[in-house]
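*Asks:* Next up is a structure, given as structure tokens.
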């Protein structure tokens, strides 16, 4: 079965040294004369596109976005995207592996998860410039490679992620401790869905991984998103199905089997129930 093209920071991912787990590039150098056009693919790394100036289109997990000035895109490993960035755009493109950023700091993983929870941010000019200046310092450190530059870059990442999370929360209502805890568990659940949806499709399986009862998990999802845990599982199955339908030429039965369905007809009925289209019709209409 064909898979969605997976890109690596380095062409030989089995032989990475420390800084092949990380890269930062100036966008204007990539689109100095021609547009940057990338067909649908996914990464095994985190991807940040910070645009001081930009035009084009960016589709992430089949949600289209218009590229504008002062925009930050933040993608997690495994997400599918397609990018068309016009010549003359300016900013930074940052790629890094989880292991590069996650040091011994206790809360680093939680901070990264919160910062990458939204695929697009369009802050006000003042906030964007503050964030952009941090990336400029990271770019400088990456080029000069002064003593302990990796520590400086990680510290700068910490500041960048903190500022990004502050902006995300700026317009949200104050949450009590219980709501914050629920949000953390919901994010844990979302990560597990990304990793295990092909094999695990029952709320009880995810509740066990989270050391919760199915009732507790359902309460968290309904309180936070107004959806049951089963609904979120079904949405993840549909999303992964769409990824393979539009990004590969695999037969429907191959996609069904990859997603854990030995009965292709059941998979077709499931997909049609949740999208209104058969897999073939969806592929035909949206390819």
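*Asks:* Looking at region 199-221 only, could you name the residues that are over 21 Å from the mean Cα position of the chain (by Cα), in a helix (DSSP H, G or I) and surrounded by 14 or more Cβ atoms within 10 Å (Cβ to Cβ)?
*Replies:* 203, 205, 207, 208, 209, 214, 216, 217, 218, 219, 220
*Asks:* Still on this structure: Regarding region 94-117, can at least one residue be identified that is out of contact with any helix residue (DSSP H, G or I) (no Cβ under 9 Å at 6 or more places or on another chain), part of a strand (DSSP E or B) and over 19 Å from residue 164 (Cα atoms)?
*Replies:* no
*Asks:* I've got another one for you. If I filter region 247-257 down to residues being surrounded by 17 or more Cβ atoms within 10 Å (Cβ to Cβ) and either at pLDDT below 90 or within 17 Å of the chain's Cα centre (by Cα) (or both), which single residue comes out as nearest to residue 189 (Cα to Cα)?
*Replies:* Within region 247-257, the match that is nearest to residue 189 (Cα to Cα) is 247.
Residue-wise test of (1) modelled with pLDDT under 90; (2) under 30 Å from residue 231 (Cβ atoms).
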residue	(1), (2)
94	no, no
111	yes, yes
127	no, no
132	no, no
141	no, no
159	no, no
164	no, yes
168	yes, yes
186	yes, yes
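*Asks:* Quick one: residue 286 ticks every box in (1) modelled with pLDDT of 95 or more; (2) exposed (fewer than 15 other Cβ atoms within 10 Å of the Cβ); (3) under 28 Å from residue 40 (Cα atoms) except a single one, so which number is it?
*Replies:* Just one mismatch for residue 286, condition (1).
*Asks:* Select from region 118-148 the residues that are under 15 Å from the mean Cα position of the chain (by Cα) and assigned to a loop (DSSP other than H, G, I, E, B) and write down the one among them that is farthest from residue 184 (Cα to Cα).
*Replies:* Taking region 118-148 as the starting set, the residues that turn out to be under 15 Å from the mean Cα position of the chain (by Cα) are 118-121.
Of the ones still in play, those that are also assigned to a loop (DSSP other than H, G, I, E, B) are 118-119.
Working: 118: 14, 119: 18 Å.
It comes out as 119.
*Asks:* Mind telling me which of the residues 77, 64 ends up being closer than 30 Å to residue 182 by Cβ and surrounded by fewer than 18 Cβ atoms within 10 Å (Cβ to Cβ)?
*Replies:* 77
*Asks:* The conditions are (1) free of Cβ contacts under 8 Å to residues at least 24 places away in the same chain; (2) more than 17 Å from the chain's Cα centre (by Cα); (3) assigned to a strand (DSSP E or B), and residue 64 fails exactly one of them. Which is it?
*Replies:* (2)
*Asks:* Go through region 67-82 and count every residue that is over 21 Å from residue 160 (Cβ atoms) and part of a strand (DSSP E or B). Let's see the steps before the verdict.
*Replies:* So the first thing to find is which residues in region 67-82 are over 21 Å from residue 160 (Cβ atoms), and the list is 78, 80, 82.
Adding the requirement that they be part of a strand (DSSP E or B) leaves 80, 82.
Count: 2.
*Asks:* Let me ask you something else. Only one of (1) in contact (Cβ under 8 Å) with a residue 60 or more places away in the chain; (2) over 17 Å from residue 120 (Cβ atoms); (3) touching a strand residue (DSSP E or B) at 6+ places or on another chain (Cβ under 8 Å) fails for residue 99. Which number is that?
*Replies:* (3)
*Asks:* Kindly provide the set of residues from region 152-168 that are more than 18 Å from the chain's Cα centre (by Cα) and in contact (Cβ under 8 Å) with a residue 60 or more places away in the chain, ordered by number.
*Replies:* Matches in region 152-168: 153 only.
*Asks:* Which residue is farthest from residue 64 (Cα to Cα), if the candidates are limited to region 243-258 and must be in contact (Cβ under 8 Å) with a residue 40 or more places away in the chain and outside any helix (DSSP H, G or I)?
*Replies:* Looking at residues that are in contact (Cβ under 8 Å) with a residue 40 or more places away in the chain and outside any helix (DSSP H, G or I), I get 250.
*Asks:* To continue, here is another question. Scan 280, 235, 240 and give me the residue that is touching a helix residue (DSSP H, G or I) at 6+ places or on another chain (Cβ under 7 Å) and part of a helix (DSSP H, G or I). Reasoning before the result, please.
*Replies:* Numbers: 235 fails: touching a helix residue (DSSP H, G or I) at 6+ places or on another chain (Cβ under 7 Å); 240 fails: touching a helix residue (DSSP H, G or I) at 6+ places or on another chain (Cβ under 7 Å).
After applying the criteria, what remains is 280.
*Asks:* Tell me which residues, restricted to region 80-96, are within 18 Å of the chain's Cα centre (by Cα) and surrounded by fewer than 18 Cβ atoms within 10 Å (Cβ to Cβ).
*Replies:* Within region 80-96, 82, 84 qualify.
*Asks:* Which numbered condition trips up residue 261, out of (1) surrounded by 16 or more Cβ atoms within 10 Å (Cβ to Cβ); (2) assigned to a helix (DSSP H, G or I); (3) without any contact (Cβ under 8 Å) to a residue 24 or more places away in the chain?
*Replies:* The single condition residue 261 does not satisfy is (2).
*Asks:* Just checking, does region 57-65 include any residue being in the same structural domain as residue 30 (by TED's automatic domain parsing), touching a strand residue (DSSP E or B) at 6+ places or on another chain (Cβ under 8 Å) and over 30 Å from residue 275 (Cα atoms)?
*Replies:* Going residue by residue through region 57-65, those that are in the same structural domain as residue 30 (by TED's automatic domain parsing) are 57-65.
So of that shortlist, the ones also touching a strand residue (DSSP E or B) at 6+ places or on another chain (Cβ under 8 Å) come out as 57-62, 64-65.
Right, trim to over 30 Å from residue 275 (Cα atoms) and you get none.
No: zero hits.
*Asks:* Got a number for residues in region 67-80 being within 22 Å of residue 168 (Cα to Cα) and in contact (Cβ under 8 Å) with a residue 40 or more places away in the chain?
*Replies:* Going residue by residue through region 67-80, those that are within 22 Å of residue 168 (Cα to Cα) are 67-77, 79.
So of that shortlist, the ones also in contact (Cβ under 8 Å) with a residue 40 or more places away in the chain come out as 68, 70-76, 79.
Selection size over region 67-80: 9.
The values are calculated or read from the model by the stated rules, or taken from the named source; none is laboratory data. Here the structure is a predicted model, which means the values were calculated and not measured. Cβ sites come from the backbone with ideal geometry, for glycine too, and all protein chains shown count toward neighbours.
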